[in-house]
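The values are calculated or read from the model by the stated rules, or taken from the named source; none is laboratory data. Small disclaimer: the values here were computed from a predicted structure and weren't measured. So basically every Cβ, Gly included, is an ideal-geometry build from the backbone, and we count neighbours across all protein chains shown. We work out accessible area using only protein heavy atoms, side chains counted, and drop any ligands, DNA or RNA first. Shrake-Rupley method; radii C 1.70, N 1.55, O 1.52, S 1.80 Å.
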Amino acid sequence: DFDAARRRVVELAAARSYREAMHSFAAMGTMDLWYTRLDVDEMLRRWGREAAAEDARNFRRARRKAESKDSLRALSKLTRVVDGRPQFVSEPPLVVRLDELFGPEEAARFTGQVGTLVRSYTSTLSTDRRRLVERFRFTDIARKVVGVGSVGTRAWVVLMLGRDDDDPLLLQFKEAQPSVLEPYLGSSGYGHHGRRVVEGQRLMQAASDVLLGWQRTAGFDGLSRDFYVRQLWDRKGSAVIELMSPRAMRLYAAACGWTLARAHARSGDAVAIAAYLGSGTTFDRMMADFAEAYADQNEHDHRSLRFDRGRWCGWIGLGGHPHARIASS
């Protein structure tokens, strides 16, 4: 609910930070650019003094929450002990066990194949990380609904245990489909869409998940699909933008602009991009205009998708498994 003037300040901050960061990256040596990163402490040093006290407290609170999001916490949140061993708790539509999705016989058959799938995934890891995963044994698997960006794709969570039940590793298998750019730019240089995602993350992110890998398998319908694999929770966190003041949003936008510029400088030609951006504010203003137009389009699309809940649920409920219908809705 920011007014137009406050939105403009945020939009310009993101674009300006991107442009200025790209110019600084263009002047760096190749190795210096590769090792440059923006961690939490550096963010506080750069922008913390400009933040209001409440915003700084919210930031530190989010940091503590991210640091606590590990496999042990995921184990306590998503599982319970049944017959002496932990297993996923079914909470449809968010988490659904295999026997509820496909019946006990089909679930048992698929579960017996998971060990092979995990071994296929570990073959994409470096030797030291493969040895790490091999210290864990497969325990359970379930379907888990993930974020908005993954709607319509398949996602599974796999529970692995190490020396005992208090030594968990939770992996997430997420379906990787063809890039939306392929119709315009041609096929990817990678024959595996999961590998394309992983290689892109490794190239652009300063600190990728150490267990990123990929895997291909045939589904229950017999179709082969690509997946990329990562830890479910490895202390990842996200900003709570709903609580941000206009000032905090501006500082966050600047951090996002810097981070995006670093990713593009690592994966592209920082000198060429900086030269294109120029030293004036034309780029900043054009990006701010685009941001407003894009936000308007999003609101228009959302209004177009709103219609009677009863008719929608009735249409979806024509066939298929009830949990699948709920997830689709």
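Of the residues Gln215, Gln205, which is of a type in the set (S, T, N, Q), crowded, with 18+ Cβ neighbours inside 10 Å and at negative phi? Outline the logic, then answer.
On the way: Gln205 fails: crowded, with 18+ Cβ neighbours inside 10 Å.
Only one candidate passes the filter, namely Gln215.
Residue by residue through the range 158-168, note down the ones that are assigned to a strand (DSSP E or B) and over 18 Å from the mean Cα position of the chain (by Cα).
Looking only at the range 158-168, we keep the residues that are assigned to a strand (DSSP E or B), and these are 158-161, 168.
Matches in the range 158-168: Leu159, Met160, Leu161, Pro168.
Of the conditions (1) in a loop (DSSP other than H, G, I, E, B); (2) without any contact (Cβ under 8 Å) to a residue 12 or more places away in the chain; (3) closer than 23 Å to Leu132 by Cα, Ser188 fails just one. Which one is it?
(3)
Restricting the search to the range 90-143, which residues are open to solvent by less than 70 Å² (accessible area, probe 1.4 Å), under 23 Å from the mean Cα position of the chain (by Cα) and free of Cβ contacts under 8 Å to residues at least 40 places away in the same chain?
Scanning the range 90-143 gives Ser126, Arg130.
Limited to the range 1-45, what total is found for residues that are loosely packed, with under 10 Cβ neighbours inside 10 Å and more than 19 Å from Ala265 (Cα to Cα)?
4
List the residue pairs whose Cβ atoms are under 7 Å apart, where the first residue sits in the range 253-269 and is within 9 Å of Ser17 (Cβ to Cβ), the second is of a type in the set (Val, Ile, Thr) and not in a loop (DSSP other than H, G, I, E, B), and the two are 6 or more positions apart or on different chains.
Pairs that qualify, where the first residue is within 9 Å of Ser17 (Cβ to Cβ) and the partner is of a type in the set (Val, Ile, Thr) and not in a loop (DSSP other than H, G, I, E, B), are Ala253/Val10.
Within the range 106-122, which residues are charged (D, E, K, R) and at pLDDT 85 or above?
We begin by selecting, within the range 106-122, every residue charged (D, E, K, R); these are 106, 109, 119.
The answer is Arg119, and nothing else.
Name the residues in the range 213-230 that are part of a loop (DSSP other than H, G, I, E, B) and touching a residue at least 40 places away in the same chain (Cβ under 8 Å), would you?
Taking the range 213-230 as the starting set, the residues that turn out to be part of a loop (DSSP other than H, G, I, E, B) are 219-223.
Matches in the range 213-230: Gly219, Phe220.
Restricting to the range 188-220, count the residues that are hydroxyl-bearing (Ser, Thr, Tyr) and at pLDDT 90 or above. Can you show your working first?
If we filter the range 188-220 for residues that are hydroxyl-bearing (Ser, Thr, Tyr), which is where we start, we get 188, 190, 208, 217.
Keeping just the survivors that are at pLDDT 90 or above gives 190.
Final tally of qualifying residues: 1.
For the range 221-238, does any single residue satisfy the condition of being open to solvent by 40 Å² or more (accessible area, probe 1.4 Å), farther than 29 Å from Arg37 by Cβ and of a type in the set (D, E, K, R)?
The first filter runs over the range 221-238 and keeps only residues open to solvent by 40 Å² or more (accessible area, probe 1.4 Å), leaving 221-224, 230, 233-238.
Next, only the ones that are farther than 29 Å from Arg37 by Cβ stay: 221-224.
If we keep only those that are of a type in the set (D, E, K, R) as well, we get 221.
So far as the range 221-238 goes, yes, one or more of its residues are open to solvent by 40 Å² or more (accessible area, probe 1.4 Å), farther than 29 Å from Arg37 by Cβ and of a type in the set (D, E, K, R).
I'm told Ala288 meets every condition in (1) at pLDDT 85 or above; (2) more than 19 Å from Glu20 (Cα to Cα) except one. Can you identify the failing condition by its number?
The number of the failed condition is (2).
Looking at this structure, is Ala155 over 29 Å from Arg109 (Cα atoms) and under 17 Å from the mean Cα position of the chain (by Cα)? Give the steps one after another, and end with the answer.
Details: over 29 Å from Arg109 (Cα atoms): no; under 17 Å from the mean Cα position of the chain (by Cα): yes.
Here the answer is no, as Ala155 does not meet what is asked.
Name the single residue that is most open to solvent (accessible area, probe 1.4 Å) among those in the range 245-279 being of a type outside the set (Ser, Thr, Tyr) and not in a helix (DSSP H, G or I).
Of the residues in the range 245-279, the ones of a type outside the set (Ser, Thr, Tyr) are 246-251, 253-258, 260-266, 268-275, 277-278.
Applying the additional criterion that residues be not in a helix (DSSP H, G or I) yields 268-269, 278.
Working: Gly268: 43, Asp269: 88, Gly278: 24 Å².
Top of the filtered list is Asp269.
Which number in (1) aliphatic (A, V, I, L, M); (2) within 25 Å of Gly268 (Cβ to Cβ); (3) crowded, with 18+ Cβ neighbours inside 10 Å marks the one condition that Leu185 misses?
(3)
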